[in-house]
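Trainee: Pasting a structure here, questions to come.
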Amino acid sequence: MRFSLFSILTALTFQIFYTDVAIGQAVQTPNNFFGFQPGSDRNLFDYEKLIDYFKVLDQRSPRLVMKEIGNSPEGRPMYIAFISSEENIKNLENLRDINEQLATNPELTDEQRNTMVKDGRVFVLATLSMHSTEVGPSQAAPLIAYELITALHPDTTGWLDNTVLMLVPCHNPDGMDKVVNHYKKYLGTKYEGSSLPEVYHKYVGHDNNRDFITLSQEDTKAIAAVYNTGWYPQVMVEKHQMGSSGVRYFVPPPHDPIAENIDAGIWNWIGIFGSNMMKDMTQAGEKGVSQHYLFDDYWPGSTETCIWKNVIGFLTECASVQTATPVYVEENELSVIGKGLGDYKKSINMPDPWLGGWWRLGDIVDYEITSMMSILKTATANRAAILAFQSDLCKLEVSKGKTEAPYFYILPPQQHDPGEMVGIVNLLIEHGVHVYKTDDPFTVNGTVISGGAIVIPLAQPYRPFIKEVMEKQNFPERHYTPNGELIKPYDITSWSLPLHRGVTSVAVTEPLDAQFLNMHEINGPFSLLEPLPESYWAAVFSVTNNESYKAAFMASELGLEVSRTPGGDFIIMRDGGKNSKLDKLISKLTVMPEILTDKSRMPFTSFSVPRIALVETNMHDMDAGWTRFIFDSYRIPFTTVKPGDFAKRDFATDFDVVVFPSNNKSILMEGQYRSENEVYPTSYPPEFTKGIGKKGMDQLMDFLEQGGIILSWGQSTELFTGLLSMKVGDTTEAFRLPVRDISKSIREAGVYCPGSFVRINLKHDHPLTQGMPESTGVFFRGTPVFTTQIPNFDMDRRVIGTFPEENILMSGYCEKPEKLADKTVMVWLQRGKGQLVLYGFNPQFRASTQGSYKLLFNGLLLEKNK
C-alpha cells in the first residue's frame, strides 16, 4: 500500500496542532489554521485565508518571507513567498543582485562569473492556479510551504540551502474567490461542482494565460515583472489542471512544435526537469504521468514567455475533479487526444498508466507536492550548472545580436498612428528590453530615416524575445510522418507587435555601427508630448490615432465640449486657464494633439457618447470580457446585457448600439451549445442558461427597426445571416439581410487559418474606415467570410473590407489563402432606419490588434438614421 505525502500529512495533523522546530517559533499546521486538511474532499479556502496563513508563516519562520508584487485587476494584493534556508533569506537582496548580473551582464569576466556561480542560488519561480477552476495547486501551497519550513531531513534542508523557491500562492486572486464562493454556494446541492457563470477574472478568464506579450492585465504585469526586471529566476514552473478523463499528470518536455528562436540549451534543461519529475513521481507511486504530450511550446503569450528571456520555464497539468468534489472514472472512459499519445496505453510517453477509479482533490494536491519537491531536487543537484548556463546564455544571445541578422529594428518617427509606436516602446521597456532614440537622421537599407527614430538593438540578453515579437511569424510546420499530417497549432500563430499595432518597422540586416546612430537610451515612460502654451482655445486629436478616441470619451466624461471635423478629427475645447481639465487630460496621453490658439472657423459637428449595450453570456465569455476591458481602457461607457434578459429589455428606449462579441449562435439564442443538431448539456445551474429566445430576438429587431445599430463579429454574426423576422404593425415580416456566410464552402476549398494576421483592403470615404489606411491587417480564424447580394425593399449593403487578390497572409499560418482572394470580410447593412456591421474578424482580439481598433470605434460612433 502506498502512503502519499498528502495522506502522511493528514495523519500527522490529527496528532499535533503545532510543530516545534529548531529553526524558529511554533509553526501552525495547515489543518489547524484552516480547520480542515487542505486537499480534503469538498473543502476549499479562499484567497484571503490563503494569504493569511502565509503571513502567519512569515511571522513565525525565518525560512519564509512574503513580498508584495502588485495588485490583481480587482485590487487584491499579490505576493511571492520566498522559501529557503535562514541564511539565504537573510541574504536575499544580494542573491537577487547575483541573479541580475548573471542574467543581464554579458561583460562578466570568468573570475566574476565563477564567483557568482559559487555564491549564487537557483531561484525557482512557481505560479499556482492562474486558471481559477484549477484549484489544486493553490490548495497545495500551504502544505508545500509547511513541509519546507519545518523540514529537518538533510535532503530537504539541502534543497533549501541551494535554492530559493519563489512561490506565488495564487496567480489569479480575483478568480480564486469567485470560484470558491460559487462552489460553496452550491455545496450539498445537485449543482455542487457546477461551472462558474462568469469569467474567473475581472475581464479575461482563461485568456490570462495569453497575455504575457501584451501585458494588458494587472496580474499579468505583476508576474511578468518578476522575471523581466525583478528577480531574474533561473527556473519557472506554472501549475495547471486539465480534463478528468485523460492522463493524470503532464510534465515537460512539451510536444512539437517548439519555438525556433529559443536556444537548444533551454529545451535540454526543460527535458531534464521533466524527466526527473516523471522518475520521482513514478517512484512515489503516482500513476498516469505523461510527457511529450498534447502541449506544445511554439507561441509566446503564456507565463512560459519567460523562456524567451532565457529562463528554464515549463508547465505541469494535472487531471481535475469537479472543483473539490471527487469523480469516479471508469477505465473505458479514459482517453487521449493525440500529439504524443495515440492510445491510452503504456508507452514511452506514459510508462505507468492510471487505470481509473476515484480521483480526488487530495490526489491532485499529492501530485503537486511531489512534482514541486522534484523540481527543487533537480535544481539543487544542478545548481552550479544552471547558474553558469544563465550567464553563458546571456553572453551567447548578445553575441548573436552582433553577428547574426537582424541587428536592429528601427521604428521611423513617421507613423500612421504614432501612439501605437509609443505603446510598443513602453511595452518593450516593461519587458526588460533596452530601447533607444536617435537624435539625427541616418540611412539604413538605402532609406533615409529621420531623427527621432526608435532603435531596438538585438545585441541584448533578451534577443530571443525581441526577435520573436518584432518579426512576422512563420509557423514551424512539423508533421507526424514525413510529408504527412500537419501537427496543428495549440493556439494562435501570429503575435507580431508592429503588424498587430499597424506600426512601420524596419529590420536592419547589415551590420551597423551603433555609435554612428548618435542615440540615447529611453529610460522610464516614453511619450511624444510637448509643453502646452499658456493660452490656447482647443486641441485637435487626429482620427488616425487610437488615443484620440480615448481622449474624446475622457473629455465627455469630464463634461468638456467635444466636436468632430468633417474628416473625423476630434476637437476638445479648453475649459479654462493653466491646469484646466483639458490640460490634465492631455498630460495622461502619449501623443501631442494639434493646439489651436485662435478660434477656428472650420465646420464641425457635435460629438455625443452613444448608449452601448454589450452582450455577454454567463458561459465563460472571454471575447466579451476582452471587449469590456477595451471599453474600460478607452473610457467607453456601456451596459452589460445577458441573453436571458433580452425579452424584458426595451433596447429602442435604452440604447443606441448593441454589440455582440464572438460567441456561438446556439449559446446566445438557447443558452446551450449545439453542433450539427447535437445538443451538449452545460455544466451551469439552470438559472444561468437562458438564451435570447424568440421574444428577445423580437425586441432586438424592434430596436433595429427604430434605427438602432448592431455590431457583431466572429461566430455571433450567424445570428444575422439567416432568416429573420420582424413585427410590422399586426403582422410578422420574414426577411433575409443581403448577406450570406460562405465559410463552409471556403473550408471545403481547403482553407485552414487557425488564428493568423491577414491583409484586407478597406472602402474609402466611409464612416467605418475613418482614420484607417487603404489596407490593414486583421486577426482572422478562417470564419466567417461573407458575400452580398442585391437587396430587396428597404435594405442596403456596402462591402467595407475585402481580402486582396494576393499576399493575403501577413503573419502566421494559413493553408490555401488564395481561396480567400477578393472575398468579403466586413460589411455594412441597412434595414429601414437600422444599421448592422458584421466583422469576419475580431477587431479587438485579446487587446492585441490595435491596428483594427478604429474599425470597432467607428462602428460605435456611426450616426443613427432619423
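Trainee: Open to solvent by less than 40 Å² (accessible area, probe 1.4 Å) and under 24 Å from Asn209 (Cα atoms): is that true of Ser72 in this structure? Before the answer, list the steps.
Mentor: Working: open to solvent by less than 40 Å² (accessible area, probe 1.4 Å): yes; under 24 Å from Asn209 (Cα atoms): yes.
When the stated conditions are applied, Ser72 passes them.
Trainee: Moving on. Considering only region 775-866, give the strands (runs of 3 or more DSSP E) lying wholly within it that have at least 2 residues that are in contact (Cβ under 8 Å) with a residue 60 or more places away in the chain.
Mentor: Values: elements: 775-780, 786-788, 795-802, 809-811, 824-831, 834-839.
Result: 775-780, 795-802, 809-811, 824-831, 834-839.
Trainee: When residues of region 174-201 are filtered for being farther than 21 Å from Glu238 by Cα, β-branched (Val, Ile, Thr) and open to solvent by less than 10 Å² (accessible area, probe 1.4 Å), how many remain?
Mentor: 0
Trainee: Related question: Being open to solvent by less than 40 Å² (accessible area, probe 1.4 Å) and in contact with a strand residue (DSSP E or B) (Cβ under 9 Å, 6 or more places away or on another chain) is the filter here; which residues of region 330-343 pass it?
Mentor: So the first thing to find is which residues in region 330-343 are open to solvent by less than 40 Å² (accessible area, probe 1.4 Å), and the list is 334, 336, 338-341.
Once the filter is applied, which keeps residues that are open to solvent by less than 40 Å² (accessible area, probe 1.4 Å) and in contact with a strand residue (DSSP E or B) (Cβ under 9 Å, 6 or more places away or on another chain), region 330-343 yields Val336, Gly340, Leu341.
Let's see how each residue does on (1) of a type in the set (A, V, I, L, M); (2) within 24 Å of Asn228 (Cα to Cα); (3) touching a residue at least 60 places away in the same chain (Cβ under 8 Å):
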site	(1), (2), (3)
Gln112	no, yes, no
Ala145	yes, no, yes
Val164	yes, yes, yes
Asn172	no, yes, yes
Met176	yes, no, yes
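Trainee: Give me the residue from region 350-366 that is within 15 Å of Lys279 (Cα to Cα) and touching a Lys or Arg at 6+ places or on another chain (Cβ under 7 Å) and, out of that set, surrounded by the most Cβ atoms within 10 Å (Cβ to Cβ). Before the answer, list the steps.
Mentor: First pass over region 350-366, keeping only residues within 15 Å of Lys279 (Cα to Cα): 350-353.
If we keep only those that are touching a Lys or Arg at 6+ places or on another chain (Cβ under 7 Å) as well, we get 352-353.
Numbers: Asp352: 16, Pro353: 21.
Applying the filter and picking the extreme gives Pro353.
Trainee: So how many residues does region 173-198 have that are over 19 Å from Gln672 (Cβ atoms) and either in contact with a helix residue (DSSP H, G or I) (Cβ under 7 Å, 6 or more places away or on another chain) or assigned to a loop (DSSP other than H, G, I, E, B) (or both)?
Mentor: Number of matching residues: 7.
Trainee: In the set Leu376, Leu387, Leu411, Leu396, which member is of a type outside the set (Gly, Ala, Ser), under 29 Å from the mean Cα position of the chain (by Cα) and closer than 24 Å to Ile272 by Cα?
Mentor: Working: Leu387 fails: under 29 Å from the mean Cα position of the chain (by Cα); Leu411 fails: closer than 24 Å to Ile272 by Cα; Leu396 fails: under 29 Å from the mean Cα position of the chain (by Cα).
It is Leu376.
Trainee: Could you identify the single residue in Ile800, Ile808 that is closer than 26 Å to Ser606 by Cβ and in contact with a Leu (Cβ under 8 Å, 6 or more places away or on another chain)? Quick ask: steps written out before the conclusion?
Mentor: Details: Ile808 fails: closer than 26 Å to Ser606 by Cβ.
Checking each option against the conditions leaves just Ile800.
Trainee: Name the single residue that is most open to solvent (accessible area, probe 1.4 Å) among those in region 202-239 being more than 15 Å from Thr305 (Cβ to Cβ) and of a type outside the set (A, V, I, L, M, F, W, C).
Mentor: Among residues in region 202-239 that are more than 15 Å from Thr305 (Cβ to Cβ) and of a type outside the set (A, V, I, L, M, F, W, C), the one most open to solvent (accessible area, probe 1.4 Å) is Glu218.
Trainee: Go through region 393-437 residue by residue and tally those that are open to solvent by 20 Å² or more (accessible area, probe 1.4 Å), among the acidic types (Asp, Glu) and within 29 Å of Glu547 (Cβ to Cβ).
Mentor: Count: 1.
Trainee: Given (1) surrounded by fewer than 22 Cβ atoms within 10 Å (Cβ to Cβ); (2) over 26 Å from Asn99 (Cα atoms); (3) of a type outside the set (S, T, N, Q), identify the lone condition not met by Gly158.
Mentor: (2)
Trainee: Return yes when Lys221 is at pLDDT 95 or above, over 30 Å from Pro686 (Cα atoms), touching a helix residue (DSSP H, G or I) at 6+ places or on another chain (Cβ under 9 Å) and assigned to a strand (DSSP E or B) and no when it is not. Spell out the reasoning first.
Mentor: On the way: at pLDDT 95 or above: yes; over 30 Å from Pro686 (Cα atoms): yes; touching a helix residue (DSSP H, G or I) at 6+ places or on another chain (Cβ under 9 Å): yes; assigned to a strand (DSSP E or B): no.
In short, no.
Trainee: How do the pairs read when you match residues in region 622-645 that are within 20 Å of Glu687 (Cα to Cα) and β-branched (Val, Ile, Thr) with residues anywhere that are open to solvent by 50 Å² or more (accessible area, probe 1.4 Å) and modelled with pLDDT of 95 or more, using Cβ under 8 Å and keeping only pairs 6 or more apart or on different chains?
Mentor: Val641/Arg649
Trainee: Restrict the check to region 156-163 and report whether at least one residue is under 23 Å from Leu50 (Cα atoms) and of a type in the set (Phe, Trp, Tyr). Please lay out each step first, then the result.
Mentor: So the first thing to find is which residues in region 156-163 are under 23 Å from Leu50 (Cα atoms), and the list is 160.
Then drop every residue that is not of a type in the set (Phe, Trp, Tyr), which leaves none.
Within region 156-163 (the criterion being under 23 Å from Leu50 (Cα atoms) and of a type in the set (Phe, Trp, Tyr)), the answer is no, since none of the residues qualifies.
Trainee: Let me ask something else. Inside region 178-199, can you point out the residues that are touching a residue at least 24 places away in the same chain (Cβ under 8 Å), over 17 Å from Leu50 (Cα atoms) and charged (D, E, K, R)? Give the steps one after another, and end with the answer.
Mentor: Going residue by residue through region 178-199, those that are touching a residue at least 24 places away in the same chain (Cβ under 8 Å) are 178-181, 183-184, 186-187, 191-199.
Okay, now just the ones that are also over 17 Å from Leu50 (Cα atoms), so 186-187, 191-199.
Glu192, Glu198 - these are the residues of region 178-199 that are touching a residue at least 24 places away in the same chain (Cβ under 8 Å), over 17 Å from Leu50 (Cα atoms) and charged (D, E, K, R).
Trainee: Quick one: Asp702 ticks every box in (1) surrounded by 20 or more Cβ atoms within 10 Å (Cβ to Cβ); (2) more than 28 Å from the chain's Cα centre (by Cα); (3) not small (Gly, Ala, Ser) bar one, so which box is it?
Mentor: (1)
Trainee: Go through region 629-653 and give me each residue that's farther than 20 Å from Gly691 by Cα and of a type outside the set (Gly, Ala, Ser).
Mentor: Looking only at region 629-653, we keep the residues that are farther than 20 Å from Gly691 by Cα, and these are 629-638, 653.
Across region 629-653, the qualifying residues are Phe629, Ile630, Phe631, Asp632, Tyr634, Arg635, Ile636, Pro637, Phe638, Thr653.
Trainee: Follow-up question, since we're still on this one. What are the residues in region 717-739 that are under 35 Å from the mean Cα position of the chain (by Cα) and farther than 23 Å from Leu860 by Cα, if any?
Mentor: Taking region 717-739 and keeping what is under 35 Å from the mean Cα position of the chain (by Cα), we get 717-722, 739.
Listed by number, the list holds a single entry, Gly722.
Trainee: On to the next question. Provide a single number: the residues in region 810-858 that are of a type in the set (Gly, Ala, Ser) and closer than 20 Å to Ser662 by Cβ. Break it down into steps so the answer makes sense when it comes.
Mentor: First, the residues of region 810-858 that are of a type in the set (Gly, Ala, Ser): 811-812, 821, 832, 834, 840, 847-848, 851-852.
If we keep only those that are closer than 20 Å to Ser662 by Cβ too, we end up with 812, 840, 847-848, 851-852.
Total meeting the criteria: 6.
Trainee: Give me a count of the residues in region 264-293 that are in contact with a Leu (Cβ under 8 Å, 6 or more places away or on another chain) and open to solvent by less than 30 Å² (accessible area, probe 1.4 Å).
Mentor: Keep residues of region 264-293 that are in contact with a Leu (Cβ under 8 Å, 6 or more places away or on another chain), which gives 265-266, 284, 287, 290, 293.
Filter again for open to solvent by less than 30 Å² (accessible area, probe 1.4 Å), leaving 265-266, 290, 293.
Going through region 264-293 one residue at a time, the tally reaches 4.
Trainee: Moving to a separate point now. In region 755-767, is there at least one residue being open to solvent by 50 Å² or more (accessible area, probe 1.4 Å), of a type in the set (A, V, I, L, M, F, W, C) and in contact with an Asp or Glu (Cβ under 9 Å, 6 or more places away or on another chain)? Lay out the reasoning, then the answer.
Mentor: The first filter runs over region 755-767 and keeps only residues open to solvent by 50 Å² or more (accessible area, probe 1.4 Å), leaving 759, 761, 763-765, 767.
Those still in the list that are of a type in the set (A, V, I, L, M, F, W, C) too: none.
Checked against the condition, which is being open to solvent by 50 Å² or more (accessible area, probe 1.4 Å), of a type in the set (A, V, I, L, M, F, W, C) and in contact with an Asp or Glu (Cβ under 9 Å, 6 or more places away or on another chain), region 755-767 yields no hits at all.
Trainee: Being under 34 Å from the mean Cα position of the chain (by Cα) and part of a helix (DSSP H, G or I) is the filter; apply it to region 705-716 and report the residue that is surrounded by the most Cβ atoms within 10 Å (Cβ to Cβ).
Mentor: In the first step, residues of region 705-716 are kept if they are under 34 Å from the mean Cα position of the chain (by Cα); the result is 708-716.
Pick out the ones that are also part of a helix (DSSP H, G or I) and you get 714-716.
Values: Gly714: 23, Gln715: 20, Ser716: 25.
It comes out as Ser716.
For every residue, the table says whether it meets (1) of a type outside the set (D, E, K, R); (2) more than 17 Å from the chain's Cα centre (by Cα); (3) under 30 Å from Pro77 (Cα atoms).
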site: Ile223; (1), (2), (3): yes, no, yes
site: Ser244; (1), (2), (3): yes, yes, no
site: Val247; (1), (2), (3): yes, yes, no
site: Asp256; (1), (2), (3): no, yes, no
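Trainee: Tally up the residues in region 35-58 that are touching a residue at least 12 places away in the same chain (Cβ under 8 Å) and more than 19 Å from Ser129 (Cα to Cα), please.
Mentor: Matching residues across region 35-58 total 3.
Trainee: Please tell me if Ser244 is at pLDDT 95 or above and part of a helix (DSSP H, G or I).
Mentor: Numbers: at pLDDT 95 or above: yes; part of a helix (DSSP H, G or I): no.
Spelling it out, it is not the case that Ser244 is at pLDDT 95 or above and part of a helix (DSSP H, G or I).
Trainee: While we're on this one: Take Asn105 and tell me if it is surrounded by fewer than 18 Cβ atoms within 10 Å (Cβ to Cβ), touching a residue at least 60 places away in the same chain (Cβ under 8 Å) and farther than 27 Å from Thr316 by Cα. Quick ask: steps written out before the conclusion?
Mentor: Numbers: surrounded by fewer than 18 Cβ atoms within 10 Å (Cβ to Cβ): yes; touching a residue at least 60 places away in the same chain (Cβ under 8 Å): yes; farther than 27 Å from Thr316 by Cα: yes.
Against the criterion (surrounded by fewer than 18 Cβ atoms within 10 Å (Cβ to Cβ), touching a residue at least 60 places away in the same chain (Cβ under 8 Å) and farther than 27 Å from Thr316 by Cα), Asn105 qualifies.
Trainee: Filter the strands (runs of 3 or more DSSP E) completely within region 438-542 down to those with at least 2 residues that are of a type in the set (A, V, I, L, M, F, W, C), open to solvent by less than 20 Å² (accessible area, probe 1.4 Å) and touching a Pro at 6+ places or on another chain (Cβ under 6 Å).
Mentor: On the way: elements: 442-444, 447-449, 454-457, 506-508, 519-521, 538-541.
Per the criteria, 538-541.
The values are calculated or read from the model by the stated rules, or taken from the named source; none is laboratory data. Because the structure is predicted, anything quoted here is derived from the model rather than measured. Please note: Cβ atoms are built from the backbone with ideal geometry, for glycine as well, and neighbour counts cover all protein chains shown. Only protein heavy atoms, including side chains, enter the accessible area calculation; ligands, DNA and RNA are left aside. Shrake-Rupley method; radii C 1.70, N 1.55, O 1.52, S 1.80 Å.
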